[in-house]
Amino acid sequence: MIRINGHLGDTMLSAFPPLQSHLRGAETVLTGFLDRSALYGVLAEIEALGLDLLEVRQLEPPREPPREPPESGNGRR
């Protein structure tokens, strides 16, 4: 997750094609899966565009809910 101060327009967002954008208050939040070199590239692009970087955070991937054991077929529920 990358938080940037301000709302980025379509032209600015086109600099970050592998990422999804969401507006949160006065910020733009970019999310997506990046390896280390891609992250450094995104950070370099943010700096080159003169954007105000607020936060970079590694998020845990969503966990799958625990599976319920199969029904035993004894008729009870």
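The values are calculated or read from the model by the stated rules, or taken from the named source; none is laboratory data. Since the structure is predicted, the reported quantities are computational estimates derived from the model, not experimental observations. Reconstructed Cβ throughout: ideal geometry from the backbone, glycine too, with neighbour counts over all protein chains shown.
Selection within segment 26-41: residues that are modelled with pLDDT of 95 or more and either among the charged types (D, E, K, R) or in a loop (DSSP other than H, G, I, E, B) (or both). The member of this set that is surrounded by the fewest Cβ atoms within 10 Å (Cβ to Cβ) is ALA26. Report yes if GLU55 is in a helix (DSSP H, G or I) and at pLDDT 95 or above, otherwise no. Taking the combined requirement at face value, the residue does not satisfy it. Cβ-Cβ distances below 7 Å connect the following pairs, each with a first residue in segment 56-74 that is of a type outside the set (Asp, Glu), a second residue that is modelled with pLDDT of 70 or more and surrounded by 10 or more Cβ atoms within 10 Å (Cβ to Cβ), and a separation of six or more residues or different chains: VAL56/ILE2; ARG57/MET1; LEU59/MET1.
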